[in-house]
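Okay, structure first, notes after.
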Amino acid sequence: MALFIGLIATSCDKDEPGVYDYQAVLEREAPLLSAYITAQGLSDSAKFHQETGIWYVLKDSGDVAVNYLDSASTSGKVPIKNMLVQVRYTGKLLDSTVFEQNIAADSIPYLSLLPSETEAGQSEAWKVAFYPKLVGGFFEEGLKKGAKIRIITPSIFGYQNRSHGIIKENSPLDYELEVLDIKEPVKTEVKTD
C-alpha cells in the first residue's frame, strides 16, 4: 500500500497553487466510474479497491504465482522487485474509444512495471493490479501468469492531468489485460579490467 499511496502523496500539496489535487479528482470521478460500472453491466462482478478508487473484474485468476517481493532488500522500503510483464491488452476511454491495443500483435514485448526514466512502462493502475496486497495491490499474491482482468481506473492512475494522444487530461480509463508472462529482468554483469 505504501508504494501506491506514496505515489499520490508525493505530488499532492493542496496549499501550492496549480498543483494537481488527487483527492478532489477521485471525488469528482467516483460517480462517473460508478455509473460506468452499472452501464457496462458489471455491478455484480466488479470489485472496488477502496484505497485507490479503481474497479476491477478478475475474469481468470491465472495459474502460476510469481514472487514480487525482494527478500534481499535492505533499504527499509517496501521490498518489491521490478518485473517484466508480457500482456495482451486493450485500453479504452469510457466512451468505448480504443486508444491502444496489442491484441493482434505477433510479437508482444515485455514491459517494465517499474521503469527507469528512459524505459517504457505501464500505468499506475497496472502496478496496483500486478503487485501483491502487502504493497497496495488487489490480490494477496499479486496477479498471476495466465490471469485475465479488467481494470477501470480513475485518471490519477492513468495519465492524470496530462493529455496523451487521443486521451484527454483527467480521463478515467478501461483496460482489459491477459497476462501472458511475468519474469524478472536478466541481470547483466559488467566486467571491469
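What the table below lists for this structure:
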read-out: The lone exception for residue 60 - which of (1) under 23 Å from residue 148 (Cβ atoms); (2) surrounded by 13 or more Cβ atoms within 10 Å (Cβ to Cβ); (3) at pLDDT 95 or above it fails; value: (2)
read-out: Qualifying residue in the range 22-34 (condition: surrounded by 12 or more Cβ atoms within 10 Å (Cβ to Cβ) and touching a Cys at 6+ places or on another chain (Cβ under 6 Å)); value: yes
read-out: Counted residues, the range 122-131 - those being open to solvent by 10 Å² or more (accessible area, probe 1.4 Å) and part of a loop (DSSP other than H, G, I, E, B); value: 2
read-out: One residue from 149, 166 being in contact (Cβ under 8 Å) with a residue 60 or more places away in the chain and open to solvent by 80 Å² or more (accessible area, probe 1.4 Å); value: 166
read-out: Which numbered condition residue 151 misses (of (1) within 11 Å of the chain's Cα centre (by Cα); (2) assigned to a loop (DSSP other than H, G, I, E, B)); value: (2)
read-out: The range 69-110: number of residues that are open to solvent by 40 Å² or more (accessible area, probe 1.4 Å), modelled with pLDDT of 85 or more and among the hydroxyl-bearing types (Ser, Thr, Tyr); value: 4
read-out: Flag for residue 140 being surrounded by fewer than 16 Cβ atoms within 10 Å (Cβ to Cβ) and assigned to a strand (DSSP E or B); value: no
read-out: Cβ pairs under 6 Å, 6+ apart, first in the range 39-53 and in a strand (DSSP E or B), second at pLDDT 95 or above and open to solvent by 20 Å² or more (accessible area, probe 1.4 Å); value: 47/56; 48/55
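The values are calculated or read from the model by the stated rules, or taken from the named source; none is laboratory data. Here the structure is a predicted model, which means the values were calculated and not measured. Backbone-built Cβ (ideal geometry, glycine too); neighbour counts: all protein chains shown. All accessible areas refer to the heavy atoms of the entire protein, side chains included, with ligands and DNA or RNA removed. Shrake-Rupley method; radii C 1.70, N 1.55, O 1.52, S 1.80 Å.
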